[in-house]
Structures are given as structure tokens and as C-alpha cells.
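This report concerns only the one structure given below.
Each value in this text was obtained by applying a stated rule to the coordinates, not by laboratory testing. Source: prediction; values computed, not measured. Don't worry about glycine lacking a Cβ; one is built from the backbone with ideal geometry, like all the others, and counts go over all protein chains shown.
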Amino acid sequence: MKSPSRNTRLNQWIQECATLCLPDSVYWCDGSADEYNRLMQQMVASGAAIPIKQRPNSFLFRSDPSDVARVEDRTYISTASQIEAGPTNNWIDPAELKKTMTGFYKGCMRGRTMYVIPFSMGPVGSPLAKIGIEITDSPYVVCNMHVMTRVGTRVLDVLGPDGEFIPCLHSIGAPLEKGQKDVLWPCAPIEQKYISHFPEENLIWSYGSGYGGNALLGKKCLALRIASAAARREGWMAEHMLILRLTNPEGRSFHIAAAFPSACGKTNLAMINPTIPGWKAECIGDDISWMKIGPDGRLYAINPESGFFGVAPGTSYDSNPAAMDTLKQNVIFTNCALADSGDIWWEGFDGPPPGHAIDWKGKDWTPASKVDAAHPNARFTAPARQCPVISPDWEKLDGVPIDIFIFGGRRASVVPLVHEAYNWDHGVFMGSTAASETTAANIGAVGNLRRDPFAMKPFCGYNMGDYFQHWFDMGDKLAARAPRIFYVNWFRKSPEGKWLWPGYSENSRVLKWMCERVSGKAEGRQTPIGILPKDGELDLKGLSIPAQDLAELMKVDAAAWKAELPDIDQHFKQFGGRLPARLGAQLKALKERLG
Ligand code: GTP
Ligand code: SPV
Ligand code: MN
């Protein structure tokens with residue numbers, strides 16, 4: 001197929017990749033509905049996609065059981081010197097990594113089509129938007145990219161003959177020999193998977209996986225790892241944050257951006273349905289925020305994506321009605337179960353479980369089965385515009401002004417429901433020390449507590465010590481117009497393992513307190529770790545939480561916090577000379593406040 005682009009560098013790169021990967025043909029994606037439908041029909045015909053008859057234009061895919069989540073162990077930040085990647089990233093010398101991967105790429109698309117996907121992260125024409133070109137041999141990836149990003153010929157128009165783009169090379173790593181029958185989810189074995197980033201040359205190479213962030217390269221690879229490194233160089237921010245607008249009964253709007261680690265509640269909070277009377281929420285984004293200081297000195301955020309790649313299990317009309325309504329049509333489901341009714345199903349779905357289903361591995365399943373019907377990291381891919389609570393301003397080219405930052409994570413103990421930072425430096429300290437229990441969003445152990453600074457440990461494309469400094473630099477520029485910073489924990493558990501806080505829509509009560517802090521209506525109480533709601537300040541009307549649970553949620557256990565200090569010290573030490581002195585000062589101040 002002839003190139004529809006006049007961009008010399010692009011055409012040359014496509015030629016080079018075709019010569020290396022040796023596909024049967026090269027196809028340039030135009031982003032049309034017709035193209036999407038054609039590819040889906042091909043995948044239905046091959047058996048890879050199963051139409052879901054209850055949901056128009058929706059399809060179920062089952063991945064290979066080895067290819068079900070991001071692979072942090074196989075993800076690399078490849079900078080000329082290791083110190084630039086820093087202690088929290090895997091590193092291989094760029095020349096060596098390219099040599100190894102080039103070996104894998106040789107002939108890797110034999111028997112397949114090489115798709116060229118021109119895409120924009122951010123609304124086409126936004127001053128914050130960036131153009132990527134993904135090459136892939138997976139039609140499943142093409143369809144997902146259609147939903148998650150803005151794909152098509154208009155992106156090539158903006159690119160023009162000499163515009164800048166981020167090359168993203170992806171292969172599932174499963175060439176087909178003549179006459180060889182394809183499998184339903186082709187991919188390479190784990191030891192051949194590489195998710196590689198070359199931030200010094202804005203380049204992404206991914207090999208061996210077809211799943212989520214490993215393969216939809218606009219998302220974590222471009223919009224976080226490559227973008228975070230670019231943002232530091234250029235003085236803006238690329239963060240793992242949802243964006244929402246909350247409007248109080250008087251009509252004042254607050255824009256909130258919240259960073260929680262993977263599978264820790266971003267999509268749910270982004271689509272919150274407030275339980276407090278008169279408060280209204282709108283969703284702007286559920287995973288990533290790109291932010292830049294505007295002419296008025298405030299920080300403006302856009303959502304670079306155009307769809308949701310959300311965790312399916314636990315999603316229900318009870319927990320997240322807006323998400324459920326988003327899933328009525330035009331959805332790609334991956335690793336969900338298929339009920340005998342013909343509809344999809346997962347653990348935590350509304351109503352009783354189906355009497356019989358086909359599980360995510362394609363096996364018979366009944367409620368008596370000992371395994372989950374849906375994989376814990378089963379996902380839906382759905383267009384953002386279908387969300388009933390999407391903000392009319394979600395594609396605003398200049399973004400929305402952020403008033404509040406929230407950090408958080410999964411902590412069964414120690415960390416209270418909510419606390420506010422004393423100032424920006426203290427907030428950066430909170431972000432830099434954030435810790436959370438690991439989840440099924442990554443292949444590896446689940447439930448292990450680890451430091452996940454700013455929910456960016458797997459996504460920061462440079463030395464995390466420099467990233468901390470970038471937060472200080474941005475704060476210095478924003479000064480009095482900087483967002484206020486809060487820390488939340490929806491995941492406190494009783495000794496018996498039950499949730500102490502109802503969560504989901506009831507989290508609106510905590511957001512309300514934050515807005516009241518910002519507008520000077522809530523006084524708060526000062527504690528060694530930060531500002532907590534004063535007795536009675538958290539609106540609990542209509543909730544029946546046992547007094548002792550509430551006390552536990554609002555407790556600052558000085559002994560437990562003191563016990564954390566040596567670990568924070570160790571955590572900071574790994575950054576050596578790259579640790580900003582201002583973080584050391586915050587740790588010392590916390591120590592002193594704890595007594
Ligand atoms: P990624 O898309 O992987 O980045 O995850 P996410 O941060 O968007 O998390 P998501 O909102 O999908 O929630 C992940 C899991 O946490 C789901 O199973 C939710 O049901 C559960 N969850 C979300 N919010 C709450 C909450 O307030 N309380 C409790 N107990 N669980 C929650
Ligand atoms: C996450 O893990 O944070 C996700 C899913 O949003 S993935 O796109 O696979 O990274
Ligand atoms: Mn999410």
C-alpha cells in the first residue's frame with residue numbers, strides 16, 4: 001500500500017521497519033469506522049473475537065494465559081548512562097538492547113500484515129497534543145488504538161511533510177511460516193518480551209506481548225514514560241492521574257487530579273456518582289493527565305486519551321453505574337467470562353453469577369468452580385464519549401485548571417482515610433513516599449506493599465530523583481497558584497479483613513471536605529502527618545459507619561508512622577545524590593513532629 005504521508009522521516013522509518021520485519025503487506029490505517037468493522041469481522045471469522053449479542057458492536061477476546069498484564073520486569077528505560085534511568089527502572093545499554101531486539105524483529109511479521117497507525121495523544125490541534133505512529137502486526141491492537149487514541153488521516157495532515165512524531169514499533173513476536181495455522185492470541189514467551197523506551201531519542205520498541213500497556217503504545221509507553229521525560233525537559237508534567245470536575249451546590253467548580261497506582265481506583269473515582277445532595281461530578285479522564293502552566297499562572301490539564309481501558313472485575317451498577325452505562329455498545333472486552341446468556345460476566349457483576357459460563361481461558365465454569373471466571377486484570381476498552389458523566393469540556397484544547405492533587409494507594413493499615421499536606425514541599429514528600437499493595441495489573445506477586453512514588457514507579461521515563469526535583473521546580477513556578485495536595489486511602493481493613501470505609505460513590509464525602517478546605521470552609525486539625533478533618537467536618541449524613549471503624553479511619557497512629565521512617569530513609573537512600581535535599585528536610589520534619 002502506498003504511503004498517504006509526505007513526511008520523509010516517517011516514510012523512511014516505515015520502509016526500514018518493513019525491511020526488518022518482513023510483513024506480507026503494509027497497511028496504513030485511516031481510523032474510519034469501516035476499517036474498524038472490517039478488522040473486527042476478520043477476527044470474528046478467525047475465532048479470535050466473539051460478538052456479544054446483548055451489546056451492539058461489542059466483542060470478547062481471550063488472551064494467551066501467559067499474556068494477561070503489563071510486564072514490569074521486562075520493561076526498560078534505555079538511556080546512554082544508567083544513572084539517567086535511575087534506581088527504579090530496568091536498564092540495558094541502548095546499543096546492546098537494540099542489537100538484541102533487532103535480532104527478534106528480523107522477519108517477525110512474516111505471514112502477517114504490518115499496520116501503520118497514525119495517532120494523536122490529546123485532541124488533534126491541542127497545544128499539548130503529541131503525535132505518535134505505531135507499527136503493529138496485531139489487528140486487535142489497531143482496534144484498541146482506534147478507541148484509546150485519535151487515529152487517522154487527519155493526524156497525518158497535522159504532521160505534514162516535516163512534523164515531529166514519536167515512532168512506536170510493536171510486534172507480537174509470532175511470525176507465521178507458510179501453511180502454519182495461527183493461534184487465537186499469538187505472542188512470544190516471557191523471556192522474549194521487551195517493552196523498551198529510548199527517551200533520549202523519543203523512541204519506543206515493544207516486542208512479544210499483545211496485552212494492554214505492553215502493546216497499546218500510546219498509553220503508558222508514550223503518554224507516561226516518554227512524555228514524562230519530555231515534560232521534564234520542556235517544563236510541563238505527564239502524570240498517572242485521573243481528572244474530574246466537582247461542582248458544589250453553589251455552582252463553584254473544582255478540578256481534581258488524582259494519582260493512584262494501577263488497579264487502585266482511578267477509573268472509579270473519575271466517574272464518581274456523588275452521594276451528597278447538590279454535588280455534581282463530571283469525568284475528564286481516568287488514567288493520564290498532561291499538565292502545563294497557563295497564561296494565568298495556573299496548572300491546566302488535558303486527558304491525552306480518548307477511551308477507557310478499565311479493570312472489569314468489580315465494575316457494577318452498584319460500584320460504578322457510569323462505567324456500566326459506558327459499556328452498552330462499541331466495547332472490546334478482554335479476558336472477561338462469557339455467560340450462557342451470551343453476555344459478558346465477571347466477578348463483582350450485578351446480580352447472581354450465571355449458572356454456567358465459559359471462563360477467560362475458554363473452559364467451562366460454574367459458581368462451584370474454584371477459579372475466577374474472569375481474569376483479575378480482565379479489561380474493557382470503551383470510547384470516553386459514551387460515558388454518561390463525561391464532561392462537555394473533556395476535549396477542551398487548553399485543558400482545565402487543577403485545584404486539587406490527590407495521592408493514594410492500597411494500605412490495609414497505618415494510613416488514614418484522608419490527610420492534607422501542610423504545603424507543596426510536604427505534598428511532594430507524600431507523593432514521593434506513597435506506598436501501595438501490588439495488584440494484578442502487572443504480572444507478578446499481588447498484595448505486596450511497595451513504594452510507588454506518585455503512582456509512577458512503573459511509568460517514570462527517567463531518574464525518579466530528578467522527577468522529584470521536577471515536582472519542586474513546578475511548585476516553585478506555580479507558587480500561590482499551585483494545587484493543594486491531599487492523600488487518601490479507601491482501602492483500610494479491619495483485623496477480620498473487611499473494608500472499614502464503604503468507598504466508591506461515598507468517596508464524594510472526602511472530596512467535599514477537600515473542596516471545603518480549598519474554599520476556606522473547613523478548618524481541619526493539625527496532626528504530625530498533616531491536616532485531617534476535625535470532628536464533624538467530614539459529611540457522614542445518611543451513612544452508618546460504626547463509631548469504632550470511623551475512629552480507626554481517622555486515627556493517626558504515631559507509633560505505626562514512626563515504624564515507617566527507617567523504610568522511607570532506605571527508600572530515599574537509593575537515589576543518592578539525585579535525591580532533592582528538600583525531601584530530606586521533610587523527612588526530618590516529620591520525624592520531629594512524630595516526637
Ligand atoms: P488501572 O486502570 O489499572 O490504572 O486501575 P484504576 O486505578 O483505574 O482502578 P479501578 O478504578 O479500575 O479500580 C480497581 C479495583 O479497585 C476495582 O476492582 C474496583 O472495584 C476497586 N475499587 C475502586 N474504588 C474503590 C473503593 O473506593 N473502595 C474499594 N474497596 N475498592 C475500590
Ligand atoms: C495500568 O496497569 O495502570 C493500566 C493497564 O491502566 S495497562 O494499560 O495495561 O497499563
Ligand atoms: Mn483505570
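Using the number of other C-beta atoms within 10 angstrom as an exposure proxy, rank MET145, MET554 with the fewest first.
So the ranking, lowest neighbour count to highest, is MET554, MET145.
Under a 5 Å amide H to amide H cut-off, with H placed in plane at 1.01 Å, what residues pair with LEU203 once short-range neighbours are removed?
For LEU203, the qualifying residues are PHE198.
Counting other Cβ atoms within 10 Å of each Cβ, which trypsin sites (Lys or Arg not before Pro) in region 416-523 have at most 11 and sit in a DSSP loop?
LYS498
Run the reach check for LYS280 against lysines, Cα to Cα strictly under 20 Å, same-chain hits fewer than 8 apart removed. What comes back?
Filter leaves LYS266, LYS396, LYS512, LYS521, LYS541.
Counting Lys +1, Arg +1, Asp -1, Glu -1, what net charge surrounds LEU242 among other residues with beta carbon under 13 Å of its beta carbon? Don't jump to the answer; show the numbers that get you there.
Working: positive: ARG245, LYS266; negative: GLU239, GLU282, ASP286, ASP287, GLU305.
After counting each charged neighbour, the total is -3.
Quote the Stokes-Einstein diffusion coefficient, in whole µm² s⁻¹, for the chain, based on the Kirkwood radius over alpha carbon pairs, a temperature of 4 °C and a viscosity of 1.567 mPa s.
53 µm²/s
Would you order ASP287, ASP157 from fewest to most other beta-carbon atoms within 10 Å of each residue's own beta-carbon?
Least to most surrounded, the residues fall as ASP157, ASP287.
Residues with amide H under 5 Å of ILE406's amide H, sequence separation 5 or more or different chain, H placed in the peptide plane at 1.01 Å from N; which?
Excluding prolines and chain starts, which carry no amide H, the hits are ALA257, ALA258, ALA259, PHE486.
So how do THR247, THR381, THR366 line up by other beta-carbon neighbours within 10 Å, fewest first?
Least crowded to most crowded, the residues run THR366, THR247, THR381.
Hand me the trypsin sites (Lys or Arg not before Pro) from region 305-403 located in a DSSP loop with no more than 13 other Cβ atoms within 10 Å, in residue order please.
Counting only loop positions with at most 13 other Cβ atoms within 10 Å, the trypsin sites (Lys or Arg not before Pro) in region 305-403 are LYS363, LYS370.
Which cross-chain or sequence-distant (5 or more) residues have an amide H under 5 Å from the amide H of ALA49, H modelled 1.01 Å from N in plane?
VAL44
Could you tell me whether region 462-519 comes out rounded, prolate or oblate from its Cα gyration tensor? Rule is a ≥ b ≥ c as square roots of the eigenvalues, rounded for a/c under 1.5, then prolate if a/b exceeds b/c, otherwise oblate.
oblate
Return the loop-located trypsin sites (Lys or Arg not before Pro) in region 249-327 (DSSP other than H, G, I, E, B) with at most 12 other Cβ atoms within 10 Å of their own Cβ; answer none if there are none.
Passing both the DSSP loop test and the Cβ count: ARG252.
Could you work out the relative contact order of the chain? I mean the mean sequence separation of Cα pairs under 8 Å and 6+ apart, divided by the number of residues, in percent.
With pairs under 8 Å counted, the relative contact order is 15 percent.
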